[in-house]
1. Percentage of Cα-Cα pair distances in the range 70-392 greater than 27 Å, rounded to whole percent?
2. Report the extension gain between residue 526 and residue 149 in nm, rounded to one decimal, defined as 0.36 nm multiplied by the number of residues separating them, less their alpha carbon distance.
3. For the pair residue 757/residue 705, report the inter-label distance in nm, with labels modelled 7 Å from Cα in the Cβ direction.
4. Could you give the nm distance between label points at residue 85 and residue 184, where each point is 7 Å from its Cα heading toward the beta carbon?
5. Does anything in the range 153-189 have its amide N under 17 Å from the 7 Å Cα→Cβ label point of residue 137, and if so which residues?
6. How far, in nm, would the chain grow between residue 586 and residue 169 when pulled straight, counting 0.36 nm per residue and subtracting the alpha carbon separation?
7. Report the net charge of residues surrounding residue 412, where surrounding means a beta-carbon distance below 13 angstrom and charges are Lys +1, Arg +1, Asp -1, Glu -1.
8. If you rank 128, 304 by fewest surrounding Cβ atoms within 10 Å, what's the result?
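Each reported figure results from applying straightforward, stated rules to the coordinates on display, with no laboratory input. Just so it is clear, the model here is predicted, and its values are computed rather than measured. FYI the Cβ positions are ideal-geometry reconstructions off the backbone, even for glycines, and counts take in every protein chain you see.
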Amino acid sequence: MMDLIMKNKNKWQLKELFASFALVFVLALSGCGGDGDTGAEGPAGAQGPVGEDGPAGQAPPATTSRQTAVMDSAITNATITEDGSLIVEFSIEDDVGVGYSALKSNQIRFTLAQLTPINAITGESSKWQSYINIIESAPTDPNNGSGTVDTVQATSETANASGGVFTNNNDGTYRYTFATNVLNVTSPVAVTHNADFTHRIAFQISGSGFPTMNRSFDWQPSTGTTTNITNREMVVEGTCNGCHGELALHGGGRVDTAYCVTCHNPGTVDANSGESVDFKVMIHKIHRGANLPSVVNGGEYAIWGYRDSKNDYSGTHIPQDIRNCTNCHDDSNTETPDAINWKSQPSIEACGSCHDDVDFATGTGHLAGAQADNSLCQGCHGVSGFSSIESNHTNVMANVASARSAIVTEAKAVRVNLNTGDIEVDVMVTLEGTPVAALRDISDIDTPAGAKFGKYKYGTDNGSITINWDNGTGFQLNDELIALNDCTADGTGLFTCAAPGLLSGITATDTIMVTSVGLFVCMNEKDGAVVRCDSPETAAMDVAQVDITPSIVFFKGDGTITTEAYNKIGADISACQSCHADNKFHNGATDLVQCKTCHNATRVGYRGLGDLKRHVHRLHSSLDKNALNDSNPEQIDHFPGNIDNCAQCHSDDQFDLPIKQNTRASIASSGNANVYVSPTAVVCGSCHLNVKLGLIDPSLPGLIDPAKGSIDAKGQALIDHMMQNGGIFGAATFTQANKVESCAVCHAIGAEFGVDKIHDIK
């Protein structure tokens with residue numbers, strides 16, 4: 001910094017020197033009164049002596065206002081004195097590395113916990129124990145929960161409320177002396193301090209316009225060391241943010257799991273519900289939510305949290321397989337060396353959090369009977385146990401993935417009559433690598449006696465081939481299926497499927513896509529073997545129905561295979577999988593182009609408008625649950641991230657305006673007939689308008705038929721704004737609605753009201 005100051009000072013001196021020289025030169029010229037010729041240039045003078053260095057510049061003062069965004073902070077040291085006082089030192093810098101000195105004592109809170117190591121005798125895993133605890137009273141009003149006893153809760157302390165001493169050194173460094181004496185914690189929970197155990201100090205800075213920060217500091221008090229000490233790093237917030245975008249809990253102030261666990265540790269209980277808020281219990285139960293046995297049986301799972309508000313997770317659905325433990329506990333991540341604990345240290349608490357219909361105290365629901373502690377868990381459920389957690393979770397998922405490829409349907413050729421649109425498709429069907437001679441060999445077709453043939457069971461049509469075509473503007477059809485039952489088998493695995501007139505208007509250069517839907521197999525979850533779905537031999541097995549992974553083959557209208565398919569997709573499947581992991585969507589779809597086969601601009605349905613650009617937004621925004629005249633809404637109870645953050649699913653070029661993908665007007669249902677809505681109005685209206693877009697009629701005073709509902713003033717204003725800028729609702733034809741709106745003038749990225757400014761883009 002000092003070098004920079006001196007360099008800038010020298011630059012200033014040089015500028016002054018040149019300015020003075022220029023002024024003297026101008027004055028000298030102005031003093032020449034004659035009009036004679038300019039004389040010859042004289043010889044250069046000798047180099048003058050180097051001047052003395054000027055005095056050193058002063059370092060800039062610590063920032064004392066919020067003129068620049070605070071970017072970083074760190075806990076630098078922690079000391080426990082002989083009398084039990086804990087002193088923590090920390091620093092804060094702004095975005096240019098200058099110390100920030102205006103932090104107030106009411107803007108920061110501190111937590112303190114001790115890590116108890118693994119207990120090999122009882123089988124207890126390591127656990128954090130907070131030094132700072134309070135008693136939470138049971139509710140007196142039944143509307144505030146069913147809890148009946150007062151409970152212990154870990155908490156934090158602050159200088160302004162807890163009696164600690166906050167010191168501002170006025171240079172961006174601070175000191176805090178805890179009110180809690182670590183050598184004398186007896187109530188409400190006795191905590192025996194062990195200087196050899198790992199300790200964690202954490203703080204939260206938030207409020208008053210200050211950027212939210214959580215920082216933690218782990219050290220061993222007996223030695224003062226911060227490295228090579230026992231720890232418990234099971235999960236990091238970066239993993240959570242793969243789905244949540246950016247964790248922001250307890251009113252937005254808690255963003256780091258390392259901070260969370262200092263309070264959410266064993267023994268901490270929500271008095272309102274009586275539920276444990278131990279991290280490993282609470283997080284598992286939240287994510288299983290609607291599938292918790294207790295909830296399936298009619299109960300609820302709720303926690304009273306921030307400002308004593310009820311948070312009901314009974315409707316929560318994790319958007320992937322709950323058995324995918326490694327999605328959160330990634331033991332390949334160097335930041336989480338203890339992530340392997342999920343399979344190596346089974347416990348009543350962790351297992352019982354998801355399997356909450358098991359009573360380990362009595363043995364109800366547990367094959368091995370009652371368990372007093374975790375000492376015997378390893379024998380059955382450890383890494384080498386006969387019923388290991390790994391075999392019952394991730395191994396099952398691997399078996400499922402394998403089963404998805406048991407049946408392959410791959411288009412080999414298409415023949416199209418360009419005059420009539422007739423099409424024939426040759427599809428090779430194989431069963432575990434062997435060609436299927438006849439559909440009855442793998443299907444659920446019944447004989448007169450009712451016996452089933454083969455090992456496999458499918459949907460009502462025994463699976464279908466799906467065909468669509470693209471003339472350069474997008475898929476022209478939706479939900480066009482040819483049942484395999486209706487195809488002709490030649491006995492070698494080849495099925496010929498015909499659809500007269502299906503591709504009317506196609507040209508030789510258009511693109512044809514062939515895939516399949518509605519095919520599934522049954523498998524034994526334990527060993528991955530594909531089995532009959534309904535037979536005496538499988539009655540005792542854990543049988544699961546698994547959608548197969550469809551193949552996709554593209555052709556040109558002249559029948560040639562092409563790899564240059566024309567597909568306008570507004571999101572990357574990788575972005576979807578950051579939350580959905582390796583899940584397959586319904587009908588086994590693994591690629592968004594498969595979704596567009598049915599869910600494109602030509603599809604009515606799915607709440608009146610089935611286009612993917614509306615359907616997915618609507619699902620994730622959770623607005624369908626309030627949509628007009630929608631008795632069976634389809635929505636996510638709570639999107640786990642920030643719905644305003646378009647970048648969580650889209651790249652810049654995908655959400656910038658004008659729209660570059662999915663640029664067609666969409667067909668929608670008005671209840672009585674089909675109408676058309678312009679493309680940007682569909683996209684923006686999906687989240688911003690809590691009404692079926694097909695019901696909007698610009699010719700009506702209230703923009704909607706009173707018999708079909710009403711639109712509030714805010715909605716009317718939004719619709720008016722869209723129409724004033726080229727948005728079209730209720731058009732009678734595709735051509736009328738398929739217009740370029742002027743939204744990009746104000747809302748393109750970088751514009752005054754760009755989507756990057758209006759939305760909370762991270």
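1. Roughly 48 percent, rounded to a whole number.
2. Between residue 526 and residue 149, full extension yields an extra 131.5 nm.
3. A separation of 4.1 nm, rounded to one decimal place.
4. According to this spin-label approximation, the distance is 1.3 nm.
5. From the range 153-189, the list is 153.
6. This chain segment gains 144.1 nm when fully extended.
7. Once all neighbours under 13 Å are counted, the net charge is -3.
8. The order, fewest Cβ neighbours first, is 304, 128.
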